[in-house]
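Novice: My structure is below; once you've seen it, I'll send some questions.
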């Protein structure tokens, strides 16, 4: 009798723990997918606007800045409860905001023909999206390890 009572408690408890671990990992996967949708959508939009990198006109650059700004807003709106994903979300948001601002500053310098500012703006622009490759690799590794 004591044996049955013990298993009557342990079995449902085990089922609940299993369900929670599956739910949490599903939640992590869903949250990863939301972040991936934004990052992949951003890359695709920028490729379209810049004709795969062949169009670097002021107009294309300003559209790119708009895309990065929109991506930052979308990323901020993603609800995540996983601490590591919160960090990734914050890093992507910062990168998108910095890239948007740097791009706009660069275009302003180009239009003014302020070549010192163009040089600084170009370096800031490169610096702003420099973390992208590492950030993408880290989130891919984290999310695939679920």
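Here is a yes/no grid of residues against (1) farther than 19 Å from residue 142 by Cβ; (2) modelled with pLDDT under 50; (3) surrounded by 10 or more Cβ atoms within 10 Å (Cβ to Cβ):
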site: 1; (1), (2), (3): yes, yes, no
site: 23; (1), (2), (3): no, yes, yes
site: 37; (1), (2), (3): no, no, yes
site: 41; (1), (2), (3): yes, no, yes
site: 49; (1), (2), (3): yes, no, yes
site: 56; (1), (2), (3): yes, no, yes
site: 67; (1), (2), (3): yes, no, yes
site: 75; (1), (2), (3): no, no, yes
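Novice: Could you check how many residues of segment 100-143 are surrounded by 12 or more Cβ atoms within 10 Å (Cβ to Cβ), without any contact (Cβ under 8 Å) to a residue 40 or more places away in the chain and outside any helix (DSSP H, G or I)?
Specialist: Of the residues in that region, 2 qualify.
The values are calculated or read from the model by the stated rules, or taken from the named source; none is laboratory data. Just so it is clear, the model here is predicted, and its values are computed rather than measured. Don't worry about glycine lacking a Cβ; one is built from the backbone with ideal geometry, like all the others, and counts go over all protein chains shown.
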